[in-house]
Amino acid sequence: MPRIRAMLSVNHGGQDIAGPGAAPLRCVYVRHEPFGPTYITDVNGVIRDKDGNEGIDSLTTSADITIICQNSVARVLDGTDVLQRCPVIPTFTIRRPAGGGRATATVRATQPFINHFRLLNQIFAAYHLVWRQFEPFLSAGDFPLGRSNDLETTRNQAKRIEFMFPSPVNVMSGLLSAFGITSPLPRIMSITDPIGTGDWPRVYVETDPPEFRLFAGSGAMANGNRLGLTLVPSELAHALHFSLLTRAQRATIRNDYLGFILTQLANGLPATHGIAVPTTPMVAFIEALDHLSTRLSESVRSRRTTFPTAPPEAGRYVIDDLRNRVPGVTRVGRLTIDDSGPQRRIEARPAAGLTLNGSIDEGAIFGGLFLGMPLQAGGLKPIVEAVLESRKINFGQFRTWFNNNRPNLSAELDDVVATWGL
């Protein structure tokens with residue numbers, strides 16, 4: 001059967017590598033109407049079938065497709081829809097160019113759900129630029145939660161990550177405020193529920209404003225990319241991490257985090273976490289991955305002007321962070337030289353003037369595991385992969401696992417524990 005070759009893109013409004021304009025709609029599901037089958041775009045936005053072959057089967061010179069707001073990483077839901085459905089762009093007609101070649105189509109700013117599709121592309125970018133270089137996601141490729149041979153079956157599998165936009169909790173708060181009613185719920189920023197409503201992680205995404213990390217950012221990088229687009233890398237870190245855990249572990253995380261928030265509010269304290277802010281062993285451990293993801297994402301985006309087909313290596317990131325070269329982030333560590341032994345050693349120590357709180361401080365765990373250990377263990381990759389492989393949810397649990405499973409690096413971990421007060 002003849003095929004129509006086509007590439008899809010989205011007018012992203014500057015929320016992508018390479019500045020304003022249109023970017024490929026990456027790894028997004030597309031259904032050929034009226035009866036299927038389901039196709040998917042690749043990293044370059046080119047429509048392919050389940051076997052990776054380019055093009056849509058069509059007996060005519062055109063094909064009607066539905067573009068689904070779901071990619072190989074996550075499904076986006078419409079928070080204003082009481083049925084919580086996934087947005088689609090229906091009856092998008094692709095026509096074979098008269099002279100042959102590849103057709104192009106763009107989801108433009110005037111079309112419904114444009115921000116949902118912008119969010120969708122950011123999700124894939126955060127996965128591709130940060131997490132895909134680490135196992136088990138390196139082996140998983142485009143599909144971090146696995147896939148079957150059939151794309152429609154994969155799209156509808158029970159185990160999936162969802163992003164709800166805008167967050168319905170905040171939508172309700174806004175509606176109540178419009179009628180002069182005080183909401184019983186505090187206005188919250190974007191959060192990740194480890195269980196969600198479908199038993200797997202769901203991210204609730206607040207709008208810009210009051211969020212500024214989704215589309216607005218905090219200025220421009222030297223290469224023209226937006227600075228401070230850290231919401232998606234931040235929350236996707238949690239969603240991917242939680243997807244590796246058992247349901248019992250995810251329930252424990254949900255209960256512990258809720259307990260932390262309620263305790264803070266009961267004591268008249270802000271229900272927030274941060275570097276140099278004491279929380280709980282569990283909150284601190286999982287939020288350390290948040291800092292890694294956002295910083296690595298900003299580091300890559302500050303260096304690149306084109307989207308890489310293959311995920312970039314994180315080799316230089318640790319030194320960049322320690323030298324305070326990652327734009328827009330709080331400095332946590334500094335490089336030091338240890339000449340006390342027979343061989344000179346480069347080490348990472350807490351930044352001058354920064355008071356950390358041990359294993360209940362995400363800054364201490366982030367600095368120790370993701371700045372200190374990579375300098376002693378041969379890079380960032382083996383440490384991140386150890387954290388993911390361990391399936392642990394606080395530093396004490398992880399340390400026991402690491403000593404049992406990486407005994408050749410136990411002494412190095414002990415040094416980091418002493419240096420960062422863990």
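The values are calculated or read from the model by the stated rules, or taken from the named source; none is laboratory data. Owing to the predicted nature of the structure, the values given are computational and were not obtained by experimental measurement. We place every Cβ from the backbone using ideal geometry, glycine too, and count neighbours over all the protein chains shown.
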Can you pull out every residue in region 266-292 that is more than 17 Å from ILE253 (Cβ to Cβ) and in contact with a His (Cβ under 9 Å, 6 or more places away or on another chain)? ILE275
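Looking at region 84-101, which of its residues are farther than 19 Å from VAL203 by Cβ and either β-branched (Val, Ile, Thr) or within 31 Å of the chain's Cα centre (by Cα) (or both)? Walk me through it before giving the result.
So the first thing to find is which residues in region 84-101 are farther than 19 Å from VAL203 by Cβ, and the list is 88-101.
Within region 84-101, VAL88, ILE89, PRO90, THR91, PHE92, THR93, ILE94 qualify.
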Counting just the residues of region 155-170 that are touching a residue at least 12 places away in the same chain (Cβ under 8 Å) and among the polar types (S, T, N, Q), which one comes out farthest from LEU240 (Cα to Cα)? ASN170
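Within 30 Å of ARG304 (Cβ to Cβ), out of contact with any His (no Cβ under 6 Å at 6 or more places or on another chain) and modelled with pLDDT under 90: does that describe THR197? Can you show your working first?
Numbers: within 30 Å of ARG304 (Cβ to Cβ): no; out of contact with any His (no Cβ under 6 Å at 6 or more places or on another chain): yes; modelled with pLDDT under 90: yes.
Spelling it out, it is not the case that THR197 is within 30 Å of ARG304 (Cβ to Cβ), out of contact with any His (no Cβ under 6 Å at 6 or more places or on another chain) and modelled with pLDDT under 90.
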Take region 255-304 and flag every residue that is over 17 Å from SER190 (Cα atoms), in a loop (DSSP other than H, G, I, E, B) and free of Cβ contacts under 8 Å to residues at least 24 places away in the same chain. ASN267, GLY268, LEU269
Report every pair of residues separated by at least 6 positions or lying on different chains whose Cβ atoms are under 7 Å apart, first residue within region 122-139 and within 22 Å of GLN15 (Cα to Cα), second of a type in the set (Phe, Trp, Tyr). ILE123/PHE163; TRP131/PHE137
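Quick one: count up the residues across region 299-315 that are more than 21 Å from SER390 (Cβ to Cβ) and touching a helix residue (DSSP H, G or I) at 6+ places or on another chain (Cβ under 8 Å).
Just the residues of region 299-315 that are more than 21 Å from SER390 (Cβ to Cβ), to begin with: 299-313, 315.
Of the ones still in play, those that are also touching a helix residue (DSSP H, G or I) at 6+ places or on another chain (Cβ under 8 Å) are 299-301, 307-308, 311-313, 315.
Matching residues across region 299-315 total 9.
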Just checking, which of TYR257, TYR317 is crowded, with 18+ Cβ neighbours inside 10 Å, modelled with pLDDT under 95, within 17 Å of PHE366 (Cα to Cα) and of a type in the set (Phe, Trp, Tyr)? TYR317
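Kindly check whether there is at least one residue in region 340-352 that is surrounded by fewer than 24 Cβ atoms within 10 Å (Cβ to Cβ), closer than 16 Å to ALA276 by Cα, over 25 Å from the mean Cα position of the chain (by Cα) and of a type in the set (A, V, I, L, M).
So in region 340-352, the residues surrounded by fewer than 24 Cβ atoms within 10 Å (Cβ to Cβ) come out as 340-347, 349-352.
The next check asks that each one be closer than 16 Å to ALA276 by Cα; those that pass are 349-352.
Imposing the further condition that a residue be over 25 Å from the mean Cα position of the chain (by Cα) reduces the set to 349-352.
Keeping just the survivors that are of a type in the set (A, V, I, L, M) gives 351-352.
Checked region 340-352: at least one residue is surrounded by fewer than 24 Cβ atoms within 10 Å (Cβ to Cβ), closer than 16 Å to ALA276 by Cα, over 25 Å from the mean Cα position of the chain (by Cα) and of a type in the set (A, V, I, L, M).
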Determine whether ALA103 is modelled with pLDDT under 90 and either farther than 27 Å from ILE191 by Cα or among the acidic types (Asp, Glu) (or both). no
Restricting to region 23-50, count the residues that are closer than 22 Å to PRO311 by Cα, in contact (Cβ under 8 Å) with a residue 40 or more places away in the chain and part of a strand (DSSP E or B). 7
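Taking region 198-251, which residues are assigned to a loop (DSSP other than H, G, I, E, B), small (Gly, Ala, Ser) and either surrounded by 22 or more Cβ atoms within 10 Å (Cβ to Cβ) or in contact with a Leu (Cβ under 7 Å, 6 or more places away or on another chain) (or both)? Write out each step before concluding.
Restricting attention to region 198-251, the residues satisfying the condition of being assigned to a loop (DSSP other than H, G, I, E, B) are 198-201, 205-219, 221-225, 227-230, 244-246.
Filter once more, keeping what is small (Gly, Ala, Ser): 198, 216-219, 222, 224, 228.
Within region 198-251, GLY217, SER218, GLY219 qualify.
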Test result for ASN71, within 25 Å of the chain's Cα centre (by Cα) and either within 25 Å of ILE161 (Cα to Cα) or without any contact (Cβ under 8 Å) to a residue 60 or more places away in the chain (or both): yes
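Considering ARG96, ARG102, which residue is in contact with a strand residue (DSSP E or B) (Cβ under 8 Å, 6 or more places away or on another chain), of a type in the set (Lys, Arg) and farther than 16 Å from VAL43 by Cβ?
Numbers: ARG102 fails: farther than 16 Å from VAL43 by Cβ.
Of the residues listed, the single one that is in contact with a strand residue (DSSP E or B) (Cβ under 8 Å, 6 or more places away or on another chain), of a type in the set (Lys, Arg) and farther than 16 Å from VAL43 by Cβ is ARG96.
Output the residues belonging to region 262-276 that are touching a Pro at 6+ places or on another chain (Cβ under 9 Å) and not small (Gly, Ala, Ser).
As a first pass, look at region 262-276 and keep what is touching a Pro at 6+ places or on another chain (Cβ under 9 Å): 264-265, 271.
Within region 262-276, GLN264, LEU265 qualify.
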VAL10 vs. criteria without any contact (Cβ under 8 Å) to a residue 40 or more places away in the chain and not in a loop (DSSP other than H, G, I, E, B): no
